[in-house]
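Visitor: Below you will find the structure I want to go over with you.
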Amino acid sequence: MNFKSVFQNLFAPSSYLGIDIGTTSIKMVELSRSVGFKFKLKNYGLLESYGHLERLNDAIQTSSLKIFEKETISLLNTLLEKTRPSTNKVVASIPAFSSFVTLLNMPEMGDEETAKSIPFQARQYIPLPVEEVAIDWIKAGTIEDEKGNMRQQVLLISVPKEQIKRYQEIFKAVGLDLVYLETEGQALTRVLIDGDPTPTLIVDVGSRSTSIMITDGGNVKVINQTDFAGGTLTQALSGGLNIDIHRAEELKKTVGLSGPASEHELSTLLLPYIDAIIGEVTRLRDRYENEAKHKVERVVLTGGTAGLAGIGKYFEEQLMLPVVKANPFSKLDYPPELEPMISMLGSTFSVAIGLAIRGFS
């Protein structure tokens, strides 16, 4: 009998928090085990800052790897005070711009041999000295090379140690125990793909940046990012219509691309920036299909801007692929009265839900 496993099962937390610290918001969910393969939603909360809409440099964290500790601690304390979770065990996210992720093709070998060779492989790809980063890796399937030899694919993930230290200090300051720290891409793959082998584009449209991923065989194969995002669309409406930034944000969410002909000006202002995102998606798809010889078969839209009216249909028309809006709450048991709120906010919590589920694995 494995006493270690028994010990862990007896004393494992009954619930976990998934906390997604974005560039302009903090999302939190608390999950516990439910029947079958589902999890029970015990708690959730969202704090969003609108200051970034008026001042582009007003954000919780930025792509220059700067996170504003005091502001983040204050927001977390407010969120915890309002939600009062029953656990202090946290799985948190590292944004795409704070990590370096690349896919390696390596000779097939056992896990122990792979682990030993990864640091040597990493030196060739990581833009920082290996001593300054924490390195992780995930097996991501196999591929046949030009000579017919099978090679394993390994997803290499590195995060600056200084960035990890900042997150540890932030959660300690608010009385939370940071159990795991992982990339947004890992969390999204867990909750949206869950091992489905279908070659899929995941487009996560946030406030300040858009992350674009391709999964194949249930594994992440490539990740990219663009600064065109939800905040860009709001700024375009505000400037183009000469209206208050908050009114522009409201119009973006309620009218979007599907308004009547009298509001055609909205889509005229939004489409150039949405086309810029689609252009990045198309480039990544074409590159992957040329290299992997696999056709991407679908698109999953997630992130706060995935709720923009008409965006799914437009992506479908431009990419000529079926597009679905992420529904991470389909994996959860929750009270029926929450349905209207969840259908509106569902994709906003994709990362946070994927993080909380990680706590049980």
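Here, each number is a calculation from the coordinates, and none is a lab measurement. Note that the structure is a prediction, hence the values are computed from the model and not measured. So basically every Cβ, Gly included, is an ideal-geometry build from the backbone, and we count neighbours across all protein chains shown.
Visitor: At a 10 angstrom cut-off on C-beta neighbours, averaged per residue, how do the peptides 171-181, 205-215 rank from highest to lowest?
Guide: Result, highest mean Cβ count within 10 Å first: 205-215, 171-181.
Visitor: If you restrict to DSSP beta bridges whose two residues both lie in region 11-358, what percentage is antiparallel, to the nearest 5?
Guide: Numbers: 48 of 67 bridges.
Of the beta bridges lying entirely in region 11-358, close to 70 percent run antiparallel.
Visitor: Testing the spin-label approximation: label points 7 Å from Cα along Cα→Cβ at residue 84 and residue 254. State their distance in nm.
Guide: Here the answer is 3.4 nm between the modelled labels.
Visitor: Could you pull out the GluC sites (Glu not before Pro) across region 81-161 that fall in loop regions by DSSP (anything but H, G, I, E, B) with no more than 12 other Cβ atoms inside 10 Å?
Guide: Working: sites: 81, 108, 112, 113, 131, 132, 144, 146; in loops: 108, 146.
For GluC sites (Glu not before Pro) across region 81-161 that sit outside H, G, I, E and B with at most 12 neighbouring Cβ atoms in 10 Å, the list reads 108, 146.
Visitor: Sequence neighbours fewer than 8 away in the same chain don't count; with that in mind, list the lysines whose C-alpha is under 29 Å from residue 116.
Guide: 4, 139, 147, 161, 165, 221
Visitor: Treat each spin label as a single point 7 Å out from the Cα along the C-beta direction, and report the residue 43 to residue 242 distance in nm.
Guide: In this crude label model, residue 43 to residue 242 measures out at 4.9 nm.
Visitor: Roughly speaking, what is the centre-to-centre gap between region 94-143 and region 271-321 when only Cα atoms are used, to the nearest Å?
Guide: Each part reduced to its Cα centre gives a spacing of 27 Å.
Visitor: First measure r as the distance between the Cβ atoms of residue 123 and residue 293, then evaluate 1/(1 + (r/R0)^6) with R0 = 22 Å and state the FRET efficiency to the nearest 0.05. Display every interim value, and only then the final one.
Guide: Numbers: r = 29 Å, r/R0 = 1.33.
The computed FRET efficiency comes out at 0.15.
Visitor: Still on this model: Anything over 24 Å Cα to Cα? Flag those among 252/325; 253/313; 42/252; 252/331, in the order listed.
Guide: Values: 252/325 17 Å; 253/313 15 Å; 42/252 31 Å; 252/331 29 Å.
Over 24 Å apart, Cα to Cα: 42/252; 252/331.
Visitor: Only Lys, Arg, Asp and Glu count, each charged at its Cβ (+1, +1, -1, -1), so figure out the dipole size of region 11-358 about its Cα centre, rounded to 20 debye.
Guide: It works out to roughly 600 debye.
Visitor: Once a ≥ b ≥ c are taken as the square roots of the eigenvalues of the Cα gyration tensor of region 143-262, is the result rounded (a/c under 1.5), prolate (a/b larger than b/c) or oblate (a/b not larger than b/c)?
Guide: On the way: a/c = 2.72, a/b = 1.41, b/c = 1.93.
Judged from the Cα gyration tensor, region 143-262 comes out oblate (a/c at least 1.5, b/c at or above a/b).
Visitor: Hey, another quick one. Need the full-extension length gain, residue 113 to residue 138, defined as separation in residues times 0.36 nm minus the C-alpha distance. One decimal, nm. All intermediate terms of the calculation are to be shown ahead of the outcome.
Guide: Values: separation 25, 0.36 × 25 = 9.00 nm, distance 1.36 nm.
So the chain would gain 7.6 nm between residue 113 and residue 138.
Visitor: Would you mind counting up the charge near residue 209? Only other residues with Cβ under 12 Å from its Cβ, with Lys and Arg at +1 and Asp and Glu at -1. Could the numbers behind the result be given before it?
Guide: Details: positive: 208; negative: 184, 204, 227, 280.
Summing Lys/Arg as +1 and Asp/Glu as -1 gives -3.
Visitor: So for the pair residue 265, residue 325, with labels modelled 7 Å out along Cα→Cβ, what separation do we get in nm?
Guide: Once both label points are built, they end up 2.6 nm from each other.
Visitor: Work from the charge dipole of the chain (Cβ charges, +1 for Lys and Arg, -1 for Asp and Glu, about the Cα centre) and give the residue of 41, 19, 251 farthest towards its positive end.
Guide: 41
Visitor: OK, next. Name the helices (complete DSSP H segments) of the chain with a Cα length along the long axis of 30 Å or more and a Kyte-Doolittle mean of at least -0.5, or state none. Walk me through the numbers before you get to the answer.
Guide: Working: long enough: 264-292 (40 Å, -0.27).
Long hydrophobic helices here: 264-292.
Visitor: Where does each of 164, 223 land when they are ranked from fewest to most other beta-carbon atoms within 10 angstrom?
Guide: Listed from fewest to most nearby Cβ atoms, that is 164, 223.
Visitor: For residue 71 and residue 172, what does the FRET efficiency come to when R0 = 22 Å and r is the distance between their Cβ atoms, rounded to the nearest 0.05?
Guide: On the way: r = 16 Å, r/R0 = 0.75.
With a Förster radius of 22 Å, E is 0.85.
Visitor: Given only helices, namely DSSP H runs of n ≥ 4 each adding -39500 (n - 2.57), what is the per-residue ellipticity at 222 nm of the chain, to the nearest 500 deg cm²/dmol? Show your work: numbers first, answer last.
Guide: Details: 12 runs with 134 residues, N = 361.
So the helix-based figure for the chain works out to -11500 deg cm²/dmol.
Visitor: Can you tally the net charge around residue 271? Count Lys and Arg as +1, Asp and Glu as -1, for every other residue whose Cβ sits under 12 Å from the Cβ of residue 271.
Guide: Values: positive: none; negative: 265, 275, 317.
Neighbour charge sum, excluding residue 271 itself: -3.
Visitor: Which value, in debye to the nearest 20, gives the size of the charge dipole of region 77-219 about its Cα centre, when Lys and Arg are +1 and Asp and Glu are -1 at the Cβ? Write out the running numbers ahead of the final one.
Guide: Values: 14 positive and 20 negative charges, 123 e Å.
With Lys and Arg at +1 and Asp and Glu at -1, about 600 debye.
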